[in-house]
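Bear in mind these aren't lab numbers, they're just calculated from the coordinates by the rules spelled out. It should be emphasised that the depicted structure is a prediction, and the values quoted were computed from it without experimental measurement. Glycine also receives a Cβ, built like all others from the backbone with ideal geometry; neighbour counts cover every protein chain displayed.
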Amino acid sequence: MPSPPLLEVDDLQVRFPTPAGPIDAVSGVSFSVSPGETVAVVGESGSGKSVSALAVLGLLGAGRVAGGSVRFRGEELVGAAPDRLRRLRGADIAMIFQNPMSSLDPLFTVGDQVAEALREHRRTPRRTAKARAVELLREVGLPDPERRVRSYPHELSGGQQQRVMIAIGLACEPALLICDEPTTALDVTVEAQILDLLRRVQRDHGTALLFITHDMGVVSELADRVLVMYAGRVVEHGSVAEVLGAPGNPYTRALIDSIPTPATPRDVPMPAIAGSVPHASDMPSGCRFHPRCPRVHDRCATEPPLHDIGPGRASRCWLHAAGTAGSTVAGVRGVG
Amino acid sequence: MAVTDPAPLFEARDLVKHFRSRGSTVRAVDGVSFTIPRGRTVGLVGESGSGKSTVARLALRLLEPTSGELSFDGVDLRGAGRGELRALRRRMQIVFQDPFGSLNPRMRVLDAVGEPLSVHGLARGRARRDRVVELLERVGLSAKDLTKFAHQFSGGQAQRIGIARALATDPDLIVCDEAVSALDVSVQAQVLNLLKRLQAELGLSYLFIAHDLNVVRYMSDEVCVMYLGRIVERGDGDALFADPRHPYSEMLVSAVPEFDPANTGRARPAPRGEAPSPSRPPSGCRFHPRCPRAFDRCSTDEPVVHPVAPGRTAACHLLEVDR
């Protein structure tokens, strides 16, 4: 019996004002995250993957949720009081970002910043918080935590800063950790360490991870389920093994094919997707991928719905609709 | 210079660059040698602090080496006079990571791509315009784009403009410094294909620098792995990545998140430690504090370069035959 979802996002719309009028960065995104599960959201720039994650926490800046709902443990977060959201952030839902240096305060020691999270949300006494900060920094693998607790962020490497961010994120043992490209700015050996750490955190604490990334390798190694986003929409979702192993959507297929791997033959051109990712202000009509799609046909002038293509799997493509010629997933797999 | 047949287009020998900062010396590049044959690609991979971008700037003499030799088409670049260097610069160009950062936002495409033609006195007026159109078409753009500004293009298109600009002076060598790293993966593949096509059409040589191992492998005839200012291993990319012989190359290759649908959720042992600062490189082998196979000699003696296979070398004490 699967546990009820921790986070349920339903038909989310996020709108940003621009001088040329409002644009929709996210149009009708739905997904859920169960306790202890890792869900990856993968996409290229402008896909809306980060905006979807920020919307969960009510951190949209100039943007606003124009429709849909975000429920955490059944509680509606869209329209929730700022105070309530502030209490949830850090305590029940924590977030780590790509660039730790812009999330850490340069004027305070890293120990103070970890302790602050405990004092703010847990009202932990100062002395206990300091001692707990050292423990947390040790847990995230910061070398020499007794000494490092007194370091300022700039005295640490990028990987060490990200470890501190994870320690702050874990301070109140959140049920959900949202990670927005947390390893993108790191060297590959340090990235491997941080992914290893996140895996360990999840195993030891049962934390659910919502992991935003552009890297299919990271998805493959870390996640249970994946949502593939393109131009503000979910185009495919399902288990990682199924989506990556036998993509149903032509975009997923083309994206996977355009990633160089150790097996990519060097003497032939890479399978590339023609054109570029559309801008939210200039969205193609119908299927948003149709101008670049190798399988485009007449029906693509109308936007396709998400078709169920298996248990817990769906793909937004007319090729799955009954009566469409050559509509099999296997056919799509031959592209590229 | 010794005459070999065919003579390589570019050669760096024992290249050293030390920066002095607040009393300490940063040994960014510390004895790097490589040659780039005509029409071929040499790839440099390494993590931050490995010195790969400094090598790019030294190769073009945008930075003055502390010591070492550089030659281009048989001419000693370090001994070259101002005029000679200027003439050689025409034949060596660079494409940077951020196309928007390297294109003047106030310049129209005509002037951004045509600027090198004016600077080197190669074409003016109508001839310059015609040459710019030819270059744009070569990189997959068109005359319609002449009057646009950089911000009107997507990242991939802007990088095509950067490549057109680099091609303007008819170079023999292009240094690609993380030239595709900022691009989305679907667009990255287009630009990689473009670079390969241009190489085939124009006989270009590339020094291709990137942190993405798979991208470097795809592009390069020879790959050099750098660590803290040194090349620790070199050779054919397929062989090197399939069977790395230096423990650092091995760590680097195994750290890349593996895209493997048949084997998802695979947890691998994470590499240990982080690269120390190039201002305080460890004694002996610079990798020894992180090396899972270090033994006593590694902390005292610097390893020499050993041949490990035809066209492959690695600098590691483990490879000594009589050990």
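A few points about this structure:
- Exposure proxy ranking, count of Cβ atoms within 10 Å, fewest first, for A:128, B:300: B:300, A:128
- Order of B:75, A:70, B:304, A:243 under a 10 Å beta carbon neighbour criterion, fewest first: B:304, B:75, A:70, A:243
- Cα gyration tensor shape for the range A:225-264, rounded if a/c is under 1.5, else prolate or oblate: oblate
- Counting only other chain Cβ atoms within 10 Å of each residue's Cβ, the peptide B:175-185 averages 3.
- Compared with the dominant principal axis of the Cα atoms in chain A, helix A:126-139 is inclined by about 50°.
- Virtual spin-label span in nm between residue A:128 and residue B:304, 7 Å along Cα→Cβ: 6.4 nm
- Here the range A:238-257 and the range A:1-45 have alpha carbon centers that stand 19 Å from each other.
- R0 of 45 Å, Cβ-Cβ distance residue B:124-residue A:62: FRET efficiency to nearest 0.05: 0.45
- Sorted by Cβ neighbour density within 10 Å, fewest at the top, the residues A:30, A:50: A:30, A:50
- Segment residue B:98-residue B:137, length gained on full extension (0.36 nm per residue, minus Cα span): 11.9 nm
- Angle of helix B:155-167 to the longest C-alpha principal axis of chain B, folded into 0 to 90 degrees and rounded to 10: 80°.
- The range A:210-282 shape via C-alpha gyration tensor axes, a/c threshold 1.5: oblate
- The mean number of partner chain beta-carbon atoms within 10 angstrom of a residue's beta-carbon across peptide B:189-195 is 5.
- Model label points for residue A:155 and residue B:169, set 7 angstrom from Cα along the Cα-to-Cβ axis, are 4.6 nm apart.
- Förster radius 60 Å - calculated FRET efficiency between residue B:7 and residue A:203 (Cβ-Cβ, nearest 0.05): 0.55
- DSSP bridge pairs, chain B: antiparallel proportion in percent, nearest 5: 65 percent
- Remark: mean inter-chain Cβ contacts per residue of A:182-192 equal 6, using a 10 Å Cβ-Cβ cutoff to other protein chain atoms.
- Convex hull (Cα only) mean projected area of the range B:87-170, reported in nm² to one decimal: 4.9 nm²
- Quotient of Cα Rg and 2.2 N^0.38 Å for the range B:205-323, N being how many residues it contains: 1.10
- Projecting label points 7 angstrom from Cα along Cα→Cβ for residue A:71 and residue B:84 puts them 7.8 nm apart.
- Axis of helix A:82-91 versus longest Cα principal axis of chain A: the two differ by about 80°, to the nearest ten degrees.
- Given in Å, the Rg to one decimal and the Dmax to the nearest whole number for the Cα atoms of the protein assembly as shown are 26.2, 78.
- For chain B, dividing the convex hull volume of the Cα atoms by the residue count gives 166 Å³ per residue.
- Put the Cα centre of the range A:57-87 next to the Cα centre of the range A:102-123 and the gap is 24 Å.
- DSSP bridge orientation in the protein assembly as shown - percent antiparallel, rounded to nearest 5: 60 percent
- Overall form of the range B:23-176 per C-alpha gyration tensor (a/c, 1.5; a/b vs b/c): prolate
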